[in-house]
1. Confirm whether A:T276 is over 30 Å from A:L58 (Cβ atoms), within 19 Å of the chain's Cα centre (by Cα) and among the polar types (S, T, N, Q).
2. Within region A:106-131, can you find the residues that are modelled with pLDDT under 85 and either of a type in the set (F, W, Y) or farther than 25 Å from B:Q264 by Cβ (or both)?
3. Taking region B:180-213 as the search range and keeping residues that are touching a residue at least 60 places away in the same chain (Cβ under 8 Å) and among the β-branched types (V, I, T), which one is surrounded by the most Cβ atoms within 10 Å (Cβ to Cβ)?
4. For B:V45, which of the numbered conditions (1) within 24 Å of B:A329 (Cβ to Cβ); (2) modelled with pLDDT of 85 or more; (3) surrounded by fewer than 17 Cβ atoms within 10 Å (Cβ to Cβ) fails to hold?
5. Any idea which of (1) crowded, with 23+ Cβ neighbours inside 10 Å; (2) part of a loop (DSSP other than H, G, I, E, B) is the one B:F277 doesn't satisfy?
6. Please determine whether any residue of region B:187-197 is at pLDDT below 90 and under 29 Å from B:V76 (Cβ atoms).
7. Only one of B:A159, B:A171, B:A166, B:A176 is within 15 Å of B:Q102 (Cα to Cα) and either modelled with pLDDT under 85 or not hydrophobic (A, V, I, L, M, F, W, C) (or both); which?
8. In region A:309-330, what residues are at the interface with chain B (Cβ under 7 Å from one of its Cβ atoms) and of a type in the set (K, R)?
Amino acid sequence: MSLITAPPDAPAFAKKPAGVGRAREFGILAALVLVVIAATVKNPNFLFSADGWRDLLLTPSILMLVAIGQAIVIITRNVDLSVGSVMGLTAYLTGRLFVDIPGIPIVVVVIAAVLLGALLGLVNGALVAFAKVPAMVITLGTLYAYRGINVLWTGSDRINASDMPKDFLGLGTQQILFIPVLSIIAVIVLAVAAWYLRNTRGGREYYAIGSDPAAAELYGLKVTRRVLSAFVLSGALAGLAGVFYAARYGSISSQAGSGWELDAVGAAVIGGIAITGGVGTVWGAAIGAMLLMTINRALPILGIPDFWQRAVVGVLIIGAIVLDRVLAVRQRRQLIEARDES
Amino acid sequence: MTTTTTTASTRAIRDYDRPLWRRIFINREFAIIALLVLVTIVAAVSIRGFAQPITANYLLLDVAPILLIALPMTLVMITGEIDLSVGSMVGLASVVTGVLTQSGAPFEVAALAALLVGVVGGAFNGFLVTVVGLPSLAVTIGTLALFRGLAVGLLGTTAVTDFPEAWTALAKAKIAGTTIPYIVIPFLILLALFIVLLHFTPFGRGVFAIGLSKDAARFSGVNVERTKFILFVLSGVVAAFAGIFYTLRFGSARGDNATGLELQVIAAVVLGGVSVFGGRGHLHGVVAAVLLIGVLGSSLRLAGVTSDVINIITGGLLIFSVVAASVLAWVQRIRAKAGPPLRVAASSAP
């Protein structure tokens with residue numbers, strides 16, 4: 001923000017917040033690299049085997065997509081708790097379409113799943129934006145409702161890998177130049193989202209709304225439409241993640257994706273997205289998602305029983321937000337000092 | 001956000017302009033209580049087996065942890081904060097009780113230790129929120145993972161089941177001559193304590209004041225930090241108590257006990273009329289909402305409806321209850337524009 005708004009004669013103001021922001025993402029990235037190096041030293045297969053390498057890139061891709069959407073919603077000072085349920089529904093839709101319509105093109109299935117996700121997101125967004133009800137309440141409601149619809153639709157049915165075409169499951173394992181296809185797609189989505197948020201008017205409006213909704217409204221931004229679009233994006237990305245889930249795991253029950261909402265919020269928070277809105281980048285959220293998923297795999301290798309995973313994740317989340325707070329306090333002090341000097 | 005708070009405060013002003021009977025009968029809490037009575041009567045008449053006393057017994061045993069935790073959660077949410085870590089605290093308290101009992105400590109000592117863990121966990125949340133100054137949503141998402149991780153880490157996938165017979169029997173026992181379980185007694189005591197605390201003490205007025213405006217509360221002498229800290233500790237210790245009850249009721253301490261309970265508690269509190277922005281809410285509405293979800297669930301289950309439909313209904317009810325309020329406000333705004341001026345305008349004119 002300050003990169004754009006700071007006057008040219010105050011470079012100190014302009015530079016510092018950006019510097020802090022960059023340091024923030026660099027910090028988690030360093031933690032991620034450290035975890036990967038430590039696990040690889042202990043067991044080279046963690047990185048240097050075909051399976052290990054693929055798992056390192058592939059597993060986080062799914063959470064990464066959900067976390068990108070979540071990040072955009074949180075930047076507008078809302079939250080989307082229904083993403084896990086949306087993901088479960090679209091994963092089942094993916095499997096169902098392959099079972100019911102033999103020979104259906106994969107592209108059509110992907111589009112259908114993304115559209116369903118967007119539609120579910122639209123419901124969230126419409127309720128939040130038009131009814132002016134806190135997003136947490138609405139999406140807590142749709143978390144239950146969507147999961148209920150999912151269980152109702154699925155029943156005790158389970159879609160297995162044998163029900164889906166080989167080409168589609170191949171997406172989950174295929175690689176181009178040693179990089180899994182799904183990861184490439186996820187990174188492309190990430191790059192587009194990051195570019196949009198950083199460089200376009202629409203993207204900056206998300207930050208403006210999150211920083212101060214009332215001011216954004218007064219300034220004449222179309223807050224309702226923007227918030228609506230954030231939820232649609234979050235739903236669509238969760239929909240795409242549902243397709244990924246089906247391709248990666250090949251087995252979809254009615255409980256697919258349950259509990260992912262908190263992982264997605266956790267990834268965003270670790271990645272430096274402020275829960276109070278207006279601050280953070282999708283890059284951070286994506287690295288946060290990678291760190292969460294990588295730690296899950298690295299702990300057993302490092303000799304810590306994987307029962308302790310969630311405790312480590314908890315410490316990470318708390319550590320990340322405490323670090324954010326320390327940085328914010330220090331930055332404010334510096335700004336005040338700079339003001340007093342001038 | 002600002003628009004919501006202003007409408008909330010204008011509504012408060014208008015409420016006192018209305019006659020007493022309208023204030024009592026036309027509000028959110030009364031609507032939930034009326035719905036609870038209606039659903040109970042319909043279920044008792046139309047569903048075979050619901051009117052049995054044993055149904056009440058199971059219903060109360062099932063909702064007891066939610067009922068208990070909803071009490072401090074109501075106060076926490078009225079201050080505008082939230083505690084997502086309660087479900088994990090139930091699991092952690094359950095595991096602590098189990099591990100200590102297994103290692104030979106008397107059950108009473110183990111239960112006391114679990115309560116202490118609740119105090120420490122709540123204080124940790126409170127410290128991060130009030131002293132470090134972090135948003136409670138982020139803090140308690142962290143401790144949600146942390147407490148659950150400690151619980152699962154301590155016990156792995158095993159379960160402790162060897163609790164003294166006397167205690168597990170007590171958790172399920174009925175008060176002599178009735179089908180009401182004993183857990184109702186501590187619940188009623190806690191309910192009375194929390195009602196007094198929230199509605200009849202300066203501390204309670206402070207809780208509302210913080211929710212309406214933190215700065216205004218601070219300027220009028222409310223110790224905002226201390227109040228919030230105390231509430232988080234209360235939330236932790238009551239969750240730990242619920243965890244001990246949960247363990248005894250099922251006779252099993254497991255790391256994954258009560259996973260996802262936090263969302264059920266928050267859904268009930270919000271349905272009961274507590275605003276997530278803070279400043280508004282009553283305990284009787286929340287208790288009615290917990291019972292409403294419980295009665296709906298158990299009657300539908302008796303009617304052969306599966307738990308997924310119950311989930312849809314719970315979610316739908318939650319959304320409907322909040323959206324209905326804003327639709328009403330919207331209708332009032334339309335009428336205010338078209339018809340005679342609102343009562344607020346009339347009362348503030350002189």
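1. On the way: over 30 Å from A:L58 (Cβ atoms): yes; within 19 Å of the chain's Cα centre (by Cα): yes; among the polar types (S, T, N, Q): yes.
Judged against the criteria, A:T276 is a match.
2. The initial filter retains those residues of region A:106-131 that are modelled with pLDDT under 85, namely A:106, A:129-131.
Answer for region A:106-131, where residues must be modelled with pLDDT under 85 and either of a type in the set (F, W, Y) or farther than 25 Å from B:Q264 by Cβ (or both): A:I106, A:A129, A:F130.
3. My answer is B:V207.
4. Condition (1) is where B:V45 drops out.
5. (1)
6. If we filter region B:187-197 for residues that are at pLDDT below 90, which is where we start, we get none.
Within region B:187-197, none of the residues are at pLDDT below 90 and under 29 Å from B:V76 (Cβ atoms).
7. Of the residues listed, the single one that is within 15 Å of B:Q102 (Cα to Cα) and either modelled with pLDDT under 85 or not hydrophobic (A, V, I, L, M, F, W, C) (or both) is B:A159.
8. Going residue by residue through region A:309-330, those that are at the interface with chain B (Cβ under 7 Å from one of its Cβ atoms) are A:309-315, A:317-318, A:321-322, A:325.
Of everything in region A:309-330, those that are at the interface with chain B (Cβ under 7 Å from one of its Cβ atoms) and of a type in the set (K, R) turn out to be A:R310, A:R325.
The values are calculated or read from the model by the stated rules, or taken from the named source; none is laboratory data. These numbers were taken from a predicted model, which means no experiment stands behind them. Glycine also receives a Cβ, built like all others from the backbone with ideal geometry; neighbour counts cover every protein chain displayed. When the accessible area is computed, the model is the full protein with side chains, heavy atoms only, and any ligands, DNA or RNA have been set aside. Shrake-Rupley method; radii C 1.70, N 1.55, O 1.52, S 1.80 Å.
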